[in-house]
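One structure below.
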Amino acid sequence: MLSSIIQLKRTSGTITEFLSDLQKDYSFSFAYDERIIPSHRFKVRKQRWQLADLLQRLLQKNQLKFELVNQQVVIKKQENTRVTVHGTVTNKADGEYLIGATVYIKELQTGTVANNYGFYSLTIPPGQYTLVYSYIGHHTQEKALQIEQDQTLDIALISSIDKLNEVVVKAKTEEEIESIRAVQMSAHQVEIAQVKTTPMLAGEADALKSIQFLPGIQNGSEGTANFSVRGGGYDQNLILLDGAPVYNVSHALGYFSVFNVDALKNIQVYKGGIPARYGGRLSSVVDIRMKEGNNQKFSLSGGVGLVGSRLMAEGPMGKNASYMVAGRYGYLGQVGNIAARRLSFIPGATKFGVNNEIDFYDLNAKVNVRLNPHNKIYFSAFAGNDHFFNDLTLEDNSLDWGNQTGTFRWNHIYNARLFSNLTLIYGNFDYSYSIRNDIQDFKWLANQQQQSLKLDFDYFASPRHTFNFGLALHHHHFSPGTVTPLSDSSSVRALALDTRKAVETALYVSHEYKVSPQFSFNYGVRFSTFHNIGAGTQYIYDEAGQLDKEQHFASNALMNTYFGLAPRFSARYLINAHSSLKASYNRTYQYLHWVSNSTIGLPTDVWLPADNNIKPRFADQVALGYFKELKDATYGLSVEAYYKWINQVIDYKDNANIFLNKNIETQIRTGQGKAYGLELMFEKKKGRLKGWLSYTLSRVERTIAGVNNNQVYAPRHDRRHNLSLVLSYDLSKRWQFSANYSYITGAGITMPRGVYEPGWFPPWNSVSHYSARNAFKLPDFHQLDIGFKLKSKRKKRWQGEWVFGITNAYSRKNAITYQISNNIGGGQSVSKLYLFGLVPSINYNFKF
Amino acid sequence: MKKYKIWVLLIGIICFHSSCEQPVDISLLHNPAIIIKGLVIDQPGSYYVELYRGSNQYFPGTPYAIPRFEPINDALVILTDNKGNVDTLKLWERDPEIRRSGQASAFYRTQHFPQAQAGVTYQLTVKHEGNTYTATATMPPPCPAIDRVTFDLQQLKLSPTYTYSCYVPAISFKEPQDQKNYYSFYYSFLDERDKGIYWVEDDLEGPENFWPLVGTRRHYTVVSDHLLKPQVNNLEILNKNAPPNFLGEFFHLHDHDTLNDIKIQMHSITQEAYEYFNVLGDLRQNNAKKLFSTAPASPPTNIQGGALGFFIVASVSKKTVPYPTK
């Protein structure tokens, strides 16, 4: 019957009219509920139809379907073929969103990952399902439910670290094994709890130093906060705090980083396969998120240590809001001075000097308000400042520096599948330094600001298709320096370097496609543009680096434009339930250059925008990885290999003259760089003993005309072997032992080979000649740090813990540099400068 | 009180172990390069080449660290040009007294090489211990004539408390605007006060084609023409070598009477030579900035084959003027 050919009398009319015609002319029988039939009119193009085609045409668009029952055509409402479950995943105890929590559907063997705001969405056919929610450090929760229509399901997971709720941890199921299943490779999610157990200098838990134990991430120089990711320079890491870039991450010259771990919730590190939503730096992204604040109850926590103390308060504000405020103050200088004065009888106690001025503070604050189920706003702010004067390390130089960031965010859920986040960002970094001696006596002030707008969308089309897209707009302002003489005797004249303005824009889209349970891939593209904006002066130089022309631009005039198209690609192939193979390619662009005016990296280093003289840098990276889980995900093993090409890599030319140089771009040269390496990581994720062992074999090379006499050279961060061990062991319910060890091949250093020309009055202005750039190696770095934690007996609310630590347990004198001095009385001598030997620490932390 | 003691003890341990210097054996670093410096100018006469090994060994017992250079006396030094002229340079024996300042170089000079000319390319080849070092440079167009030399009495601030008055020579000449030019200026005088002072080199007392070769150790300055007008009036020759302390006095023309005439040379040099002199001047001045400087590097060179130094080919104009009087 459905295949009969019919000839229509009409080509337009309502469904009911068409059906009654058919009933009359061909005696077909139809059964339907009139309420479900729409009353509007339709048009069809032709009159001759096969009955089934016609019905299909009339009904399908109106969510109706038909079937033949006993020679009667029954028309009914089409059932949902796709329904969406969405919601947020939070931590039960404090209501914090769990970024990256996985939601897995057992029956479909598929799932999704909660985004940066704990939001997840799964679009699936209706049916009976078991949803499994899991997150590292939390007990897995299973929900069995009948899903017939769209629904919201917010889940709160119970932390497995919180010993108050001892729950028997059941055997782990394969669906939890996110590191195997995720398409993303070359990424690490760092648990704050892990950061807090890693022993650090003076017992100050440090987020950025902890990630330096991961494979492929290498400490720049002891005592600095710099790090290099997969052979990238220290300025190639995008460090975001709640989305705002932090330009300088050092406290006390880099002994500590500026992030107070009490205020942090999550750290995500990308070394490769960088998602399209991130851009602006070549080598890595460190995305740090602050806590939202406990929305269940008020809580106060803090700690007192040898060189710093902390306090953090969080709690609910009414029913739909919560806050978090955290502060930290460091008093390294005062401690040193007291020691030097009181303990002058101990040899070496006064070595650190009695005139130290080393202090810092940082403040974090965050408020979040849930306006309604579809709208949520957040405001977060960070401020940190440092003052540093120590004649031993920096002679007459006194430094002050600080960062401030502010972020406003608005999460909006358009519908169960479309999530958006609007971010407004303000970032500021200033530094000043003064040289306190008679001849130079001056103060240098520099500042850098950024305002940004970002709009990001996550579209969860189906469990097989997820789309991310968005845009970003940044406004940069640079004031690289003004110099003011501090006294009449100063030989330095007042000077102001040109201020610069720039606008950076980006558009991106990416699509994650789960082709089959075995094979998934993610591809995307990020298109960015960069514009130098007036008021400003463009300098054009001749081949000898002499200023040829100056071109002045009015306010907001376009001076120069660059753009870049950056493809991103990642793929994952599941070999079996316990192992997978991944590959990725990414291109990244970087429009801001950090020109380091010191070999070790100091807060005085300047950021400069790309311009007509210094082109933007871009890098291509390919990576291949093998990931395996053993014994129900108790152990994890990963092997990754990468190769990276860095184009327009920058460095100062040989014999650059940078001191108070108004045209610093004439001292910079660009060329080609490459980096490659192999990373191994073996991890134990559960049990009383937890930790990892990682090893990286790597190489970095650069070829830049004008640097190292045009020959290939290895930058300072080219260090062949890097071994790290991080361990924590629960000795008993109250005692925990932790240790970390790292071994890194010595950094490269350029050393004098001899004198080139004598001085007129030697040795005061003699000229030396040197080895090739970084041709010598400092001794290998290795260090063992250990810590013990004693938790107080459990009382009602007060939880306290003593943390005892020893940094550099076997007192290795790791050289940060060699110093060469001309001896009065003839000859030269070389000495190695090291920062510290064994450093014990004691801290007390509390929470109630 | 007990807690306080623990605190103090801990701080004590930290300080005991904190930041320090430890001596390192530097014999590993002893690997000095061969340094070759040559000067060919568009003037008649012999041309000179200096050869030594830059050392990091020092004369023992001297009150100040004076490097013990090693002269290279057994090298084969050949000068050629692209017109087919070849000359093997001969070791030039100088007054041994000259070495008292610690400068121990070997000098070679041409025997019969024709006078150098603008536009001709010259090549210097040095063979020593199985290694061959070469350098090539082309003679720039003739150097403009020095029209006039004047002296400006200036107060130089050599330290916050020490001001010194001296004469700064100023040169006037016509600058050809249709080409890119780089100039170096040298002046030489023998100061009566310097005589008998052991650190004074009498390098400046050599032949006219010789003293500017070693004159970079004393009084010189370099400029690029890019800001120069067609008529350059009273361009000051500030000494790039003067140290920023009381010793700077010895690097300038005193305002007291001195007997000798002042010999002035103006060289038109290549762009590479101009950059070399600039860097050399900076290196002398910036000896001490450690933390705030980039990785150090050797002075640039145009010598191929692993040696350092520079082969300079320059057109020259000269003037001798009496010492200025008040």
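Just so it is clear, none of the values below were taken in a lab; they were calculated from the coordinates. Since the model is a prediction, treat every value here as computed from it, not as a measurement. Here the Cβ positions follow ideal geometry from the backbone for every residue, glycine too, while neighbour counts run over all protein chains shown.
What FRET efficiency comes out for A:Gln141 versus A:Lys631 if R0 is 25 angstrom and r is the Cβ-Cβ distance? Round to the nearest 0.05.
The pair A:Gln141/A:Lys631 has a calculated efficiency of 0.65.
Over all distinct Cα pairs, what is the inverse of the mean 1/r for the range A:433-525, reported as the Kirkwood hydrodynamic radius in Å?
One over the average 1/r among Cα pairs gives 17.5 Å for the range A:433-525.
With 21 Å as the cut-off, how large is the P(r) tail for the range A:684-749, expressed as percent of Cα-Cα pairs?
Value for the range A:684-749 (Cα pairs over 21 Å): 49 percent.
With labels modelled as points extended 7 Å from the Cα through the Cβ direction, what inter-label distance (nm, one decimal) is found for A:Lys24 paired with A:Phe776?
Reported label-point gap for A:Lys24 and A:Phe776 is 10.5 nm.
Can you work out the FRET efficiency for the pair B:Tyr323 and B:Gln115, with r the C-beta to C-beta distance and R0 = 41 Å, to the nearest 0.05?
That gives a FRET efficiency of 0.85.
List residues of the range A:35-56, by number, whose backbone nitrogen lies under 18 Å from a label position 7 Å along Cα→C-beta of A:Val74.
Zone members listed by number: A:35-37, A:56.
Measure of size requested: the Rg and Dmax of chain A, with Cα atoms as the atom set and Å as the unit; please supply both.
31.5, 122
Placing one identical point scatterer on every Cα of the range A:573-693 and ignoring solvent, what is log10 I(q)/I(0) from the Debye formula at q = 0.13 Å⁻¹?
-0.72
How fast does the range B:129-179 diffuse by Stokes-Einstein, in µm²/s, taking the Kirkwood radius from C-alpha pairs at 10 °C and 1.306 mPa s?
101 µm²/s
How many percent of all Cα-Cα pairs in the range A:501-600 sit more than 21 Å apart?
In whole percent, the share of Cα-Cα pairs in the range A:501-600 beyond 21 Å is 61.
Each label point is 7 Å from the Cα along the Cα-to-Cβ direction; what then is the distance between the points at A:Gln518 and B:Asp178, in nm?
7.8 nm
What ranking do B:Asp178, A:Asp287 get, fewest neighbouring Cβ atoms within 10 angstrom at the top?
The order, fewest Cβ neighbours first, is B:Asp178, A:Asp287.
Please state the equivalent ellipsoid semi-axes for the range A:233-385: what are the square roots of 5 times the Cα gyration tensor eigenvalues, largest first, in whole Å?
In descending order the semi-axes read 35, 23, 10 Å.
For A:Gln7 and A:Phe408 in one chain, what is 0.36 nm times their gap in residues minus the Cα-Cα distance, to one decimal in nm?
138.0 nm
Using only C-alpha atoms and all pairs of different ones, pull out the Kirkwood radius for the range A:362-431 in Å with one decimal.
14.8 Å
How many nm separate the modelled label positions at B:Gln231 and A:Ile158, each set 7 Å beyond the Cα in the direction of the Cβ?
9.7 nm
Express in nm, to one decimal, how much length is gained between A:Phe788 and A:Val712 on full extension, taking 0.36 nm for each residue of separation and deducting their alpha carbon distance.
22.7 nm
Could you work out the Kirkwood radius for the range A:1-126, taking every pair of different alpha carbons, averaging 1/r and inverting it, reported in Å?
Answer for the range A:1-126: a Kirkwood hydrodynamic radius of 18.0 Å.
Looking at this model, which pairs from A:Lys106/A:Lys628; A:Lys92/A:Lys297; A:Lys271/A:Lys644; A:Lys443/A:Lys549; A:Lys143/A:Lys684 are more than 19 angstrom apart at the alpha-carbon?
From the list (A:Lys106/A:Lys628; A:Lys92/A:Lys297; A:Lys271/A:Lys644; A:Lys443/A:Lys549; A:Lys143/A:Lys684), the Cα-Cα distance tops 19 Å for A:Lys106/A:Lys628; A:Lys443/A:Lys549; A:Lys143/A:Lys684.
Please work out whether the range A:206-269 counts as rounded, prolate or oblate from its C-alpha gyration tensor, where a ≥ b ≥ c are the square roots of the eigenvalues and a/c under 1.5 means rounded, while otherwise a/b larger than b/c means prolate and anything else oblate?
It is rounded, given that a/c, with a ≥ b ≥ c, falls under 1.5.
For B:Ala297, what is the net charge nearby, where nearby means another residue's Cβ is under 10 Å from its Cβ and Lys, Arg count +1, Asp, Glu -1?
It works out to a net charge of +1.
Whole Å is fine, so just give me how far the alpha carbon centre of the range A:773-788 lies from that of the range A:528-587.
Cα centroid to Cα centroid, the span is 34 Å.
State the extension gain, in nm to one decimal, for the chain segment bounded by A:Thr482 and A:Arg35, taking 0.36 nm per residue of separation less the distance between their alpha-carbons.
Separation in residues times 0.36 nm, less the Cα-Cα distance, equals 153.2 nm.
Could you pull out which residues in the range A:604-630 have an amide N less than 17 Å from a spot 7 Å beyond the Cα of A:Leu558, following the Cα-Cβ vector?
What the label zone holds, given the 17 Å backbone N cut-off, is A:611-612.
To the nearest 0.05, how large is the calculated FRET efficiency for A:Glu550 and B:Asp147 if R₀ is 25 Å and r is the Cβ-Cβ distance?
With a Förster radius of 25 Å, E is 0.25.
Determine the distance separating the Cα centre of the range A:14-81 from the Cα centre of the range A:385-436; give it in Å without decimals.
The two parts, judged by their Cα centres, are 65 Å apart.
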